[in-house]
Amino acid sequence: MKVLAFGASNSANSINRKFATYAAFLIADAKVKILDLNDFEMPLFSVDREAATGHPEAAQKFLDSIALCDLLIISLAEHNGSYSASFKNILDWASRVNGKVFQNKPMLLLSTSPGARGASSVMDAAKTRFPFHGARIISSFSLPEFGKNYSENAGIIHPELKASFESMISEINKMDLGISV
């Protein structure tokens, strides 16, 4: 199974990229590709710019990456209760090329933050909005207080959160995602 994962942030030390990577490598028999949003930097979207210059090549490159995967794992960063500007800009451009950005791929939707709510506001927004962009969300998980509940060496260290997360991953590993191997 080809798994594409990314943290929806352009931070060099993105905790969401770490969390998405952690989850991706728990998927059974996965060939994992981790995206860095910095590889898809584009001018700020506007209809005027689109009319003048067309779509940036990076928007199609982003869509092509999604097209090649069997499972998409996104961990959302929360900036002022919403998507990070870098991710929102990629989503804006990509949706102008293909409104169904996520191409009906099975998606594990994650979020984390340093705070106690674990980026739950952006998670709620994505659960509502992503299906309009062709997301087939099969499961979701929000990890609060990343610095307290996650270790680089051990992953999730809070016992109840770890058990819940591992149960979710176990269920995903049992799913028939409609993928032919």
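Exactly one residue out of Ala85, Ala30, Ala5, Ala51 is out of contact with any Leu (no Cβ under 6 Å at 6 or more places or on another chain) and closer than 18 Å to Ser140 by Cα, and it is Ala5. For Phe25, only one of the following conditions fails: (1) touching a residue at least 24 places away in the same chain (Cβ under 8 Å); (2) within 25 Å of Gly155 (Cβ to Cβ); (3) surrounded by fewer than 17 Cβ atoms within 10 Å (Cβ to Cβ). What is its number? For Phe25, the failing item is (1). Residue selection: Ile90 fails the criterion of being buried (at least 16 other Cβ atoms within 10 Å of the Cβ), of a type in the set (Val, Ile, Thr) and closer than 22 Å to Met175 by Cβ.
Reported count of residues in the stretch 159-175, each being in contact with a Pro (Cβ under 9 Å, 6 or more places away or on another chain) and either over 11 Å from Ile27 (Cβ atoms) or not aliphatic (A, V, I, L, M) (or both), is 1.
Among the residues making up the stretch 54-85, those that are among the polar types (S, T, N, Q) and surrounded by fewer than 22 Cβ atoms within 10 Å (Cβ to Cβ) are Gln60, Ser65, Asn80, Ser82. Are any residues in the stretch 36-90 charged (D, E, K, R), touching a residue at least 24 places away in the same chain (Cβ under 8 Å) and part of a helix (DSSP H, G or I), and if so, which ones? Listed by number, the list holds a single entry, Glu50.
Could you please find all residues in the stretch 82-94 being under 22 Å from Ser121 (Cα atoms), out of contact with any Lys or Arg (no Cβ under 8 Å at 6 or more places or on another chain) and not β-branched (Val, Ile, Thr)? Within the stretch 82-94, Tyr83, Ser84, Ala85, Ser86, Phe87, Lys88, Asn89, Leu91, Asp92 meet the criteria.
The numbers here are math on the coordinates, done by the rules we state, and not lab data. Since the model is a prediction, treat every value here as computed from it, not as a measurement. Please note: Cβ atoms are built from the backbone with ideal geometry, for glycine as well, and neighbour counts cover all protein chains shown.
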